[in-house]
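Single-structure report; data block below.
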Amino acid sequence: MTPASDLDGRRLSLMTPEEVPLVFELAPFGSRITAFVIDLVIITMAVLLIVTVAVEALKGAIADLDKGSAEIIGAIVDLSIFLIWNFYFIVTELRWQGRTIGKRIAGIRVIARDGGPLSADLVFARNLTRDLEMLIPLLAILEPKVIGLEDPGLLALCWLWLGIIALMPLANRYRARAGDLVAGTLVVSAPTEQLLPDLIASRVAVQTKPGTVGSPTDLGASDVAAIVPQSERYPFQPEQLDTYGIRELQILEDVLRRYPDQIDSELLETIADRIKKKIDWSAPDGMAFDAHDFLRAFYAAQRARLEHKLLFGQRQERKVR
Amino acid sequence: MNGAAPAKAGFRLRSFEFRREREASWRELEDLVKRVEKRGLQRLDAHELQRLPTLYRSVLSSLSVARAISLDKNVTQYLEALSSRAYFAIYCRRRFLGHTMLAFFRETFPQSLRRIRWAFLLATSVFLLGVTAGFVLTEDDPTRFYSFVDEGMAGPRGPDSSREDLMEVLYTKEDSASALTSFATFLFTHNARIGLLCFAVGFVAGVPVLLVLFANGTMLGAMWAIHAAKGLGGDFIAWVLPHGVTELLAVIICGAAGLSMGYGLVFPGRFRRLDNLAIRGRHAGSLAVGAVFLFFVAALIEGVFRQLVTDVPVRVAVITATLALWVAYFTLAGRGARLGQNDPAEHLFAAAGASAAMGPEPERVAR
């Protein structure tokens, strides 16, 4: 039921009541499997804990030759295993709106396909099919006799069926497993992005106030003034800035943000050289050239140019060949 | 800023100024959302609660602006993530399990069953058909008993058992109720699993559901037949139905839920197939969970009550009482109430309605 949402490739866009579309990325299979394994470990630990406590209690009961209480403890164990196995996912997904503990760690969450709240019936439907998808395949692999499938023909049919269920996420555009289809839910990535300092601003902040690489709101007037000489050291002509597009700009942004932790200055030099050649830029005479400063200045100038074009309705996605 | 001197324009960039002006409110919202995600909306104080929607709208508008003017990838990604987190914090608020459960049993469960009454009637008739078939076939030739009931389930009972053996199973009185708790729990978990399975296979067009229902029916019919052959037909019914009413009802509900889902998949009507499956799947899921509760009640009756009370009239009274209770519950409960907000189809039908803007839930608008 997707009236207010729209799927385009791996991205789902969802219209909020405020008429601003929010974009969600379908969760990658790796994260989903990680989340499930973590949840499984938690369930197993809980069951083991209960059984251990019960065994301890049973020891006491057996010592007293009290058959009645032993039975009661056995009943409690049975019941708790059943409840934990069947209701762990239901309770956690209801309580935290689609974020079980495992899903939180893996950075994903369940949402309704139409963006509404995860209500009880939806969470029920999505989780009750899990036994069919997970438990029965496991049983069929380990103990064909348990589910009464000695007949090879039936067993083959069962394997076929399991194959269909297992491949279901690959076969539909929502990448949903059977339970998600039944409930009309989706698993999406739920990133918690950090707001990093603006590259244009922190260039100043780094230089004027070492150690306070903070938000640009910290910038005083003196800091802003410091930009001017910096950008004048690396002047660019408008035509030099018409070569590259948004895609290259954002790759450069990534590179600059990863320097110096993940990227060494050698790579910066290479990139700077390539850009210099491409846009036909050479350092003014007698100027000390620094690859990092150059790239910063180029980033600022390029972004200014592209954003300026954007305002006039020209969106230059890629570089000009 | 003009094209002639873009190099000097770095600090006068619109996207830069934009961020500088709005960043404080983004950080404020991020902080609030983080707390809501951890502890829930109700932990915010009155002032913060008032701020939350304002900040949320302002961040949404920042997002729109950023998409239009900013090429800073980090800023747009941050705003995307923050907006969706805030969206979920506001619209998909944490549910209180107590309230959910209460609303579920008061409204959703009986309403969902009434909604699929045709599937329910079909499931019931297939089951009864199974009972009749089992009964007639076994009566005809008692050796067929074992084709319907497997030996583990039959226990000491069989076509060759004497009247006394059968009587013993039916009327054994246990001294200690506790000895039976474990047994009841086993039955509960076992039957509830069958019920959930019945629901889960439903989305394969419902055929397996009919088979499971029919097979369960023949089992009961066959059992009944061997008792009837020894003149214990009535006693058997009085033995099996005190909990059986509830338990069979639960099995049939699960079956009906599965059937309805299968039907929805095969005949999607005016919705797209997957959407229709989703609508029906949600109802079916509720029914299956409700059925688990019925199984629990049945196991309680079976484990605690059945072996303690051996009076046929009392047993009959219990049968009548449970039957009346369930009929009343499923026909009357939740009738007056508007269909719950949990009801997805209702949102669809209310499409594009103006009403939704009033409520705390986001509207589900058809485009």
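Could you list B:Glu30, A:Glu25, B:Glu21 in order of exposure, starting from the residue whose Cβ has the fewest other Cβ atoms within 10 Å?
Least crowded to most crowded, the residues run B:Glu21, A:Glu25, B:Glu30.
Partner chain Cβ atoms within 10 Å, averaged over the residues of B:288-296 - can you pull that number for me?
Average per residue, whole number: 3.
Order A:246-252, B:68-74 from most to least packed using the mean count of other Cβ atoms within 10 Å.
Values: A:246-252: 17.1, B:68-74: 18.9.
Ranked from most to least packed, the peptides come out as B:68-74, A:246-252.
Of all the C-alpha pairs in region B:225-334, what % are more than 19 Å from each other?
56
Pairs A:Lys276/A:Lys319; A:Lys103/B:Lys73; A:Lys278/A:Lys319; A:Lys277/B:Lys73: which are spaced more than 21 Å apart, C-alpha to C-alpha?
Cα-Cα > 21 Å for A:Lys103/B:Lys73; A:Lys277/B:Lys73; rest within.
For a quick protection proxy, order the peptides A:256-263, B:269-276 by their average other-Cβ count within 10 Å, most packed first.
B:269-276, A:256-263
Return the equivalent ellipsoid semi-axes of region B:77-120 as a descending list in whole Å, where each equals the square root of 5 times an eigenvalue of the C-alpha gyration tensor.
35, 15, 5
At 4 °C and a viscosity of 1.567 mPa s, what translational diffusion coefficient does Stokes-Einstein give for region B:12-91, taking Rh as the Kirkwood radius over Cα pairs? Give it in µm²/s as a whole number. Display every interim value, and only then the final one.
Values: Rh = 12.8 Å.
Diffusion coefficient, whole number: 101 µm²/s.
Ranked by Cβ crowding within 10 angstrom, fewest neighbours first, how are B:His227, B:His47 ordered?
B:His47, B:His227
To make sure I understand, if each residue's beta carbon is the centre and we count other beta carbons within 10 Å, what order do A:Met15, A:Met287 fall in, fewest to most?
A:Met287, A:Met15
Within 10 Å of each Cβ in A:300-313, how many Cβ atoms from other chains are there, averaged over the peptide?
6
Per residue of B:85-91, count partner chain C-beta atoms within 10 Å of its C-beta, then hand back the mean as an integer.
Details: counts 5, 2, 8, 10, 1, 2, 6.
Mean inter-chain Cβ contacts per residue within 10 Å come to 5.
Throughout, read-outs are computed from the coordinates displayed, never taken from laboratory work. The shown structure was predicted, so the numbers you read here are calculated from the model rather than taken from an experiment. Note: ideal-geometry Cβ built from the backbone for every residue, glycine included; neighbour counts use all protein chains shown.
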